[in-house]
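Nothing in this text is a laboratory measurement; each read-out follows from the coordinates by a stated rule. This structure is a prediction, so every number in the text was calculated from the model and none was measured. Here the Cβ positions follow ideal geometry from the backbone for every residue, glycine too, while neighbour counts run over all protein chains shown.
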């Protein structure tokens, strides 16, 4: 069934089971789609088992690849030929290389834990079977996206991910909020996908192929910097949709209308990481089109800052986390946009750990409080939910980049990458963002879990079952020690060395654009041209993060009466509270104006002009016929006279012509 | 020998009588006979020209016309009889089924 194709080295017989990674979740999705409703409770177990199997295969593949020398860790397997159209030939093939394996491990690993958690969370839901079917489909789509070896298959995965997000965000479609959020997510993503698609057309136009290997190897000679910039920007348009960056981030905060484990899946393992992965995968394009890379980094920084600020003023537990995801994605884009691809990917990995953890905690809290998510009405939950509080603290430490936690290492490396690439201002924004992150996360922690219990009468919070606590504890451990284990040493870290065959520089290519301080020699992390030392950078960023946390601790820890202050909010608070009015502006610009244009189309263009033309054809024809049908007398002799008259005329005509 | 123009003139007269018969009479049988008259006028013309030119084409064509006319008489008379049975009339003005 699977033919190994020679890629960069002979395919060993060992890396042969890797297609099972895709098969397991796909099989789960299909089986549960048809039989899930019948077997109810078993659906969750089946889905989780299949995801676990998928994770095990991914892990085996990982170890097999690691066992090989660094130069021969890229494999391409062709399953079959998809289609031929003119000069375009598309194969269904997939790529096993360090970058895709990293993503596979995250998707299947974190995905498995979320599946496990979902068993407890979704117990008793009327459509449990369908839920797990969608969940498996989501994992499959994301795996297809990251394992693709050409842009077409990647786009298929890309679209499937969008579809799954629609299905899952709108899982409780009988709630209007969920149905609307699902539509918003889907439509916003479509805007990005359109840009992505145009990018693919441009690539095909210039390269004549959409195969990763051929595009990336010929890119340095085949296209100019301008073309690379155009392609890079168009592809990033797609990434902005999937990974929730300005201007297309608006769908993500609303996406929490779905079940909470789905939010964890979207925010951590699948979906939003797609954009970052895509930029890292197509890094050759961004190395050539330096302007595009700078735009990516700048938009990342702007998004990071804006989402962080908005998060400060939100009261919904999950909404705070949603904006923090957008903000952290901004960090990742600062990383990949600055050429620090490893740092960006590293932050993606650590973020997957702690953000999945935080969202699962949110699920546990909502579970305990009967879906009431307003943190101003929580407080003192640690007494009732000791385990949830404990693991939430672990996730909190990681996201504020407390020294030693996973977030500390990855955020440091992202900021160091930005600084090293010469983007000092982006670095500064990143540091401010770190302080803001510390502030809003601490606010969330203190308001929800500590202090006095506010307004929880009538509710009896209870700790979640073991099947929900267990994955949270595992993720908590990963959030704390994962960063150190994976890439504690910066540019010589394990991840950096592992990823080098995938996102190291293409050999011999003039990677660095003029004016860029990217260094092709290492390609992994640029060397700094003087300036602050690594330790100083780390100290400043960590100080900012912890400082923000301390300020929030003081403000919301009891010294400041935030409840009274809220009765008379300032202008800044109101702006933050209303998310800088972006949703309202979009509502006006696209929805209201769109409706206006649509009604103009419907009632003027369509009814008056198009229908008018069609109707007039009918009326005029009827009128002509009403007159013309009077010729039809039914009298045979009048017809005969007509024939005679016609014959005479014809005869006269021919005679006249003959005479002349 | 009578000149060909006399034959042609006779044919023209016969044809005109036929035309007038078709246009002016109402009885289907008379109209039918007038049509036969026109056909035979045409036959006369064909044969006249055939003799003038010394070829056989016109004569062959005339035979065809006679054969077809014979067949047509059968069909036509059948229709007229059927019509008469329904309407008790052979007037074409009574058969105005296709009037608008």
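Just a few scattered comments:
- Taking the number of Cβ atoms within 10 Å of each Cβ as an exposure proxy, the fewest-first ranking of A:571, A:197, A:360, A:348 is A:571, A:197, A:348, A:360.
- Ranked by the mean number of other Cβ atoms within 10 Å of their residues, highest first, the peptides A:29-37, B:21-29 fall in the order A:29-37, B:21-29.
- For chain B, the relative contact order works out to 27 percent when only alpha carbon pairs closer than 8 Å and six or more residues apart are counted.
- Shape class for the range A:111-152: oblate, because the ratio a/c of the largest to smallest gyration tensor axis (alpha-carbon atoms, square roots of eigenvalues) is 1.5 or more and b/c is at least a/b.
- A Gaussian network model of chain B, with springs between Cα atoms under 10 Å, assigns the largest mean-square fluctuation among B:18, B:54, B:76 to B:54.
- The range A:23-95, relative contact order [Cα under 8 Å, separation at least 6], %: 21
- Neighbour-count ranking [beta-carbon atoms within 10 angstrom, fewest first] of A:24, A:653, A:140, A:450: A:653, A:450, A:24, A:140
- Mean per-residue shielding of peptide A:611-622 is 0, counting Cβ atoms of other chains within 10 Å of each Cβ.
- Computed [θ] at 222 nm, helices only, for the protein assembly as shown once each DSSP H run of length n ≥ 4 contributes -39500 (n - 2.57): -23000 deg cm²/dmol
- As a calculated quantity, the FRET efficiency between residue B:20 and residue A:617 at R0 = 41 Å, using C-beta atoms, amounts to about 0.40.
- Two-site FRET efficiency, residue A:222 against residue A:67, from Cβ-Cβ distance with R₀ of 30 Å, rounded to 0.05: 0.30
- Stokes-Einstein D (µm²/s) once Rh is taken as the Kirkwood radius of chain B over alpha-carbon pairs, at 20 °C in 1.002 mPa s: 142
- Exposure proxy order (Cβ contacts within 10 Å, fewest to most) of A:355, B:87, A:384, A:40: B:87, A:40, A:384, A:355
- Principal-axis analysis of the Cα atoms of chain A puts helix A:466-487 at an angle of about 80° to the longest axis.
- Per-pair calculated FRET efficiency, R0 = 60 Å: residue A:45 and residue A:533 via Cβ, rounded to 0.05: 0.70
- Under a Gaussian network description of chain B, with springs only between Cα atoms under 10 Å, the residue in B:78, B:50, B:11 that fluctuates furthest is B:78.
- The range A:262-369: equivalent-ellipsoid semi-axes (sqrt of 5 x gyration tensor eigenvalues, Cα, Å): 28, 15, 8
- Extending 7 Å from the Cα toward the beta-carbon at both residue A:37 and residue A:176 defines two label points whose distance is 2.7 nm.
- Gain on full stretching of the segment that runs from residue A:551 to residue A:372 - 0.36 nm per residue minus C-alpha separation: 61.7 nm
- Angle between chain A longest axis and helix A:212-222 axis [Cα atoms, degrees, rounded to 10]: 80
- Packing-based ranking of A:548-554, A:251-257, A:574-580 yields A:251-257, A:548-554, A:574-580, ordered from highest to lowest mean Cβ neighbour count within 10 Å.
- Prolate/oblate/rounded label for the range A:277-322 (Cα gyration tensor, a/c 1.5): oblate
- The convex hull around the C-alpha trace of chain A, projected and averaged over every direction, spans 44.3 square nanometres.
- Rounded if a/c under 1.5, otherwise prolate or oblate - the range A:86-186, Cα gyration tensor axes: oblate
- Inter-site label distance for residue A:83 and residue A:425 at 7 Å from Cα along Cβ, in nm: 4.6
- Based on Cα contacts under 8 Å between residues 6+ apart, chain A shows a relative contact order of 12 percent.
- Net length gained if the chain between residue A:607 and residue A:657 were fully extended (0.36 nm per residue, minus Cα distance): 12.7 nm
- Take each residue of peptide A:631-641, count the partner chain Cβ atoms within 10 Å of its Cβ, and average: the result is 5.
- The angle separating the long axis of helix A:386-399 from the principal Cα axis of greatest extent in chain A is about 80 degrees.
- Ordering of A:627-640, A:314-327 by burial proxy (mean other Cβ atoms within 10 Å per residue, highest first): A:314-327, A:627-640
- Extension gain for residue B:27-residue B:96 works out to 23.4 nm (0.36 nm per residue, less the C-alpha to C-alpha distance).
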